[in-house]
Structure formats: C-alpha cells, structure tokens
Amino acid sequence: MSTAATPADNGQIHKGQPDKGQPRADASGHGHDHEHPHAHGEGHDHDHPHPPRHQDDDATPPLAAVEDIHFTYPGSADPVLRGASLALRPGRRIGLLGHNGSGKSTLLHLLMGLLRPQSGRVLHRGAPLTCEADFAPLRREVGFLFQNSDDQLFCPTVLEDVAFGPLNHGASPAEARAVAQATLERLGFAGFESRVTHRLSGGEKKMIALAAVLAMQPQALLLDEPTNDLDPRTRDRLIAILAAHSPTHLIISHDWDFLAQTCDSFLSVQDGGVSIATHTPHTHVHTHTGGDVHHHHG
C-alpha cells in the first residue's frame with residue numbers, strides 16, 4: 001500500500017451496480033447543476049473558474065470506486081453509510097465535504113480495504129475487490145494519508161519510516177534510502193533523516209507521513225484532514241507540493257480555503273450517501289501586516 005503503515009502491516013521492515021436511487025458520484029458534474037469554487041480577492045470581486053474537462057469520463061473505469069456501499073460499525077444500530085457510491089478518476093482533484101461523523105473517513109478506509117462493507121462493492125479499475133489480496137494492486141497505485149499520523153509512523157527514525165514503503169515493494173536498502181532522501185528533500189525536510197519520529201511536532205509528523213506516502217510514487221492520493229497541526233507556512237508548502245506532485249487526489253478537510261486551492265470539484269457525504277456538493281469552498285484572500293505572528297482581529 002502507498003502508506004507508511006496500515007493495520008494489516010506486520011510492523012517489520014523487509015524486502016520483499018450503483019443504487020438506482022443514488023448514482024455514483026464522481027464530481028464530473030454531468031447531468032448536475034452545481035457550484036464551482038471561486039476566489040474572493042480585494043474588494044471581494046468574484047471569479048468563477050471552470051474545472052478542466054476530462055475526455056475519459058466514461059471511456060475508462062475509475063482508478064478506484066465504491067458502489068452502493070452499506071456499512072455499520074460493530075455494536076452500533078445506526079449505519080454510517082447507506083448506499084454510498086463514489087468514483088475517483090485520473091486527473092480529478094476532489095474535495096470531500098461533510099460534518100463530523102458523516103462517514104467521510106469511513107469511506108476512505110473502505111476504499112482502501114481497511115474496513116469491509118456489509119454490502120456493496122469496492123473496485124479498482126473496474127475489477128471488484130473481494131479479499132485482502134485483491135487490494136494489493138490498488139494500494140500500490142493509491143496512497144493514503146491517515147488523519148492521525150501516529151497511526152502511520154512506527155519506525156525509530158524518519159529515514160526508516162520514509163524508506164519502509166519502497167523496501168516493502170522490493171527496492172534494495174540503498175535504493176530505498178536514496179528514494180527516501182530525495183523525497184524528504186523535495187518536501188523541504190532534508191536533514192530530518194536521523195530525527196526520532198515520535199519526538200517530532202504534530203505538523204512535522206504529518207509531513208513525514210506524507211513523505212512516506214509519496215516515496216511509494218502513487219498515482220493518486222487519499223488525504224484525511226492533511227492540514228491538521230500544520231502552521232501557516234507548512235500549510236502553504238503542502239499546497240505547493242500537491243500542485244506540483246498530485247494530479248489526482250481525494251481530500252477530506254474542514255479547511256475550506258485549503259480545499260479551494262487544491263481541488264477543482266466537490267462531493268458531500270450526508271445522510272449515508274455521497275452527492276455533488278451544492279455549497280462549495282472558496283478562498284478569502286487578505287493580508288496581515290503582522291505576517292504569521294499571532295495577532296487579534298479588532
């Protein structure tokens with residue numbers, strides 16, 4: 001899997017049809033009227049960019065998809081998802097909206113095979129995934145950044161954490177080390193190689209976890225609240241990294257300004273299903289004379 005660790009990992013470094021009542025949401029906007037993100041500049045002039053058109057919307061299967069998923073956590077009487085469908089196609093940069101507890105994170109865990117639905121299908125390039133072994137090809141192509149970085153980082157040092165994925169995919173120790181160092185440098189964390197992972201700040205852990213995912217060279221990313229614990233400068237760095245290195249991703253975030261800068265279409269999880277979002281993020285552009293120094297608005 002293009003993650004630093006999953007509950008299925010052994011902790012050792014080694015070589016080695018949609019519901020007719022609810023169509024699968026792919027944020028393409030086909031057959032739907034929906035709002036697009038817009039920017040608020042000085043004087044709040046509005047600009048409404050159009051998301052890029054994709055010629056392969058229906059010509060090829062989605063990279064990853066869930067169809068008519070129903071899921072209830074053990075011990076709960078209330079289902080989290082009831083007929084949820086979602087498709088992630090190459091070139092799509094999707095923001096996933098919804099209130100706390102709506103099932104957003106659950107949906108990503110189901111998509112990666114970390115949870116299993118009571119009914120419905122998970123697909124990789126059109127092929128249904130029914131057992132643990134089926135998910136291996138998807139996990140090589142789709143990287144997953146967990147909401148809690150401590151669930152993803154488990155090695156003693158930063159270099160070992162970032163090199164873990166390439167090692168598991170068959171790289172030699174020297175090759176894995178080179179990939180890890182190059183990835184850390186690309187993200188602005190050169191010099192962190194020997195740092196003890198559990199002593200990092202929350203924001204540093206988040207970025208090292210992202211480095212561990214990117215070291216696997218995935219074709220798409222699933223990011224669960226990636227701006228949690230980030231200071232403004234690191235948040236801006238993350239936006240630049242995604243612009244340069246992530247042509248396809250699905251992001252969960254309550255940071256709507258961040259979503260407006262990193263996504264071109266939006267879906268909403270509510271009432272157990274997924275639909276085109278009717279209220280979408282937009283950016284508020286303004287400057288602070290104090291820069292990043294803590295200050296108050298009068």
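The values are calculated or read from the model by the stated rules, or taken from the named source; none is laboratory data. Just so we're clear, the structure is a prediction, and the values are computed from it rather than from any experiment. Neighbour counts are summed over all protein chains in view; Cβ atoms, including those assigned to glycine, are modelled from backbone coordinates with ideal geometry. Ligands, DNA and RNA are stripped out before the accessible areas are found, and what is left, the full protein with its side chains, is counted by its heavy atoms. Shrake-Rupley method; radii C 1.70, N 1.55, O 1.52, S 1.80 Å.
Within the stretch 231-245, is even one residue open to solvent by less than 10 Å² (accessible area, probe 1.4 Å) and not in a helix (DSSP H, G or I)? Looking through the stretch 231-245, none of the residues is open to solvent by less than 10 Å² (accessible area, probe 1.4 Å) and not in a helix (DSSP H, G or I). Annotation: residue 83 fulfils all but one of (1) assigned to a loop (DSSP other than H, G, I, E, B); (2) at pLDDT 95 or above; (3) small (Gly, Ala, Ser); the unmet one is (1). Within the stretch 70-79, is there a residue that is surrounded by 17 or more Cβ atoms within 10 Å (Cβ to Cβ), touching a strand residue (DSSP E or B) at 6+ places or on another chain (Cβ under 9 Å) and either at positive phi or among the aliphatic types (A, V, I, L, M) (or both)? For the stretch 70-79, residues surrounded by 17 or more Cβ atoms within 10 Å (Cβ to Cβ), touching a strand residue (DSSP E or B) at 6+ places or on another chain (Cβ under 9 Å) and either at positive phi or among the aliphatic types (A, V, I, L, M) (or both): absent. Restricting attention to the stretch 219-229, the residues that are open to solvent by less than 30 Å² (accessible area, probe 1.4 Å) and not in a strand (DSSP E or B) add up to 3. Filtered by the rule that a residue be in a strand (DSSP E or B), of a type in the set (D, E, K, R) and farther than 27 Å from residue 260 by Cα, the stretch 58-80 gives a lone residue, 68. Restricted to the stretch 186-200, and to residues there that are over 15 Å from residue 234 (Cβ atoms), of a type outside the set (Val, Ile, Thr) and not in a loop (DSSP other than H, G, I, E, B), the residue that is least open to solvent (accessible area, probe 1.4 Å) is 198.
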